[in-house]
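Read the structure below first, then the notes.
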Amino acid sequence: MLGAKNSRVMKPKQVYTSNRRKKVLFSNDFREVIVCQDSTIIEQRILILILTAVKFEQNNFISKRKQIKKDETKQLSFDDYFDGWANQGYTEFNISFSELKEFKKIKNSTIQTALVNMSNINWFRLRDESINGYKAVPFIIDPRWNSRNIFFKIDVAVMKHILNVSQYFEIRKELPFVASTPNTLKFLLWILKFSKSQIIKKSFKQVLNEMCIPQERYSYRSWFERDFLNPVKADLDSKNDISFNYSYSNGEYTVVLYYTKKGVGQDEKFISLNDLQIDRTLKYQKRRRMLNDFNVRTLRKLYEVKGYDELTLKIRRKIDPSLLGDEYIKTLFKFLEK
């Protein structure tokens, strides 16, 4: 719970510096912006360090469980919290070059270029309710640097997007520092929106549209998989706690989330693509082949032992379509013994 209004309002003169964090929080508003943003690895690192600096402030807006003992303090509204910005309208940030170069050496000039890009009015857009549309605004203001640090300001309107964590997503702080492509963070932020359902079904065109990727960038689906999906999956498999499998059939992608080795110990379980494919096949075969529960359990064990892809490849169109129930299962075993 936040304290009384005057005691917790943000100080106008506060300067934010990055902090050591294992994870950072992306508000849903901010996540949507970055999903549709073509950002570089350097720009993503700057974003992550900004989020490490404000995580304590973000925590003030995360709903906490009510205590058994009645809390007499009044919780601030989101607008109350920004009353302290009235005379200034922005806050200041100070980030060291050394933090931006963690895990990999980067030229100072490259970082300076990224700062200039992020101060461009075309880099960031905010929702404009007055026109039911968007407006372009600079993400950072007044970028400066010396031999050790970079300095910039962020407008209060942009900060509200960053701090409004009524809904938020956790991201490993190190990801943009170790990823091989800026698409890794972009795609992860996109799939996290569907983490509760665990399964995403979209056409190729829908996937590109929802991540604001021009259709002409990937003229063929195979190019998208080779140059985008496969490098991203490799990054997430080795460097993140959540990754994904995907398949394409009947004009539609099926993307399934799962925990990697880094995610061991998680309470919830993500279904694997193999399990999803088996479940769907069994539902179809039960109806098509008139299988009883024992037949279904037997067929499931076969798929689990052989693997969905291998077994499907072996038996596709090779069992008489007129065989049903027990006869179908018996014939299937005889075929596999050959």
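The values are calculated or read from the model by the stated rules, or taken from the named source; none is laboratory data. Predicted model, so just to flag it, every value in this text is computed and none were measured. Quick reminder, even Gly has a Cβ in these numbers, built from the backbone with ideal geometry, and neighbours come from all protein chains shown. We work out accessible area using only protein heavy atoms, side chains counted, and drop any ligands, DNA or RNA first. Shrake-Rupley method; radii C 1.70, N 1.55, O 1.52, S 1.80 Å.
Here are a few things to note about the model shown:
- Pairs, first small (Gly, Ala, Ser) in the stretch 90-110, second part of a strand (DSSP E or B) and surrounded by 11 or more Cβ atoms within 10 Å (Cβ to Cβ), C-beta under 8 Å, six or more apart: Ser96/Asn149; Ser96/Ile150
- Of all residues in the stretch 190-217 being within 16 Å of Glu252 (Cβ to Cβ) and part of a loop (DSSP other than H, G, I, E, B), the one that is most open to solvent (accessible area, probe 1.4 Å): Ser197
- One residue from Arg144, Arg125 being assigned to a strand (DSSP E or B), free of Cβ contacts under 8 Å to residues at least 40 places away in the same chain and either among the charged types (D, E, K, R) or open to solvent by 70 Å² or more (accessible area, probe 1.4 Å) (or both): Arg144
- Ile106 vs. criteria open to solvent by 40 Å² or more (accessible area, probe 1.4 Å), out of contact with any Gly (no Cβ under 9 Å at 6 or more places or on another chain) and not small (Gly, Ala, Ser): no
- Going through (1) assigned to a loop (DSSP other than H, G, I, E, B); (2) touching a residue at least 24 places away in the same chain (Cβ under 8 Å); (3) aliphatic (A, V, I, L, M) one by one, Ile150 falls short only on (1).
- Checked against the criterion of being modelled with pLDDT under 85, in the same structural domain as Tyr328 (by the TED database) and in a loop (DSSP other than H, G, I, E, B), the candidates Gln266, Gln285, Gln277 yield just one match: Gln266.
- The lone exception for Thr181 - which of (1) outside any helix (DSSP H, G or I); (2) open to solvent by less than 70 Å² (accessible area, probe 1.4 Å); (3) in contact with a Leu (Cβ under 7 Å, 6 or more places away or on another chain); (4) within 18 Å of Ser243 (Cβ to Cβ) it fails: (3)
- Residue match in the stretch 155-175 (condition: outside any helix (DSSP H, G or I), out of contact with any helix residue (DSSP H, G or I) (no Cβ under 7 Å at 6 or more places or on another chain), outside the structural domain of Phe228 (by the TED database) and over 30 Å from Thr254 (Cα atoms)): yes
- Restricting the stretch 235-260 to residues that are small (Gly, Ala, Ser) and within 16 Å of the chain's Cα centre (by Cα), the residue that is surrounded by the most Cβ atoms within 10 Å (Cβ to Cβ): Ser243
- Top-ranked residue of the stretch 82-98 - restricted to ones that are part of a helix (DSSP H, G or I), closer than 24 Å to His161 by Cα and in contact with a helix residue (DSSP H, G or I) (Cβ under 9 Å, 6 or more places away or on another chain), ranked as modelled with the lowest pLDDT: Trp85
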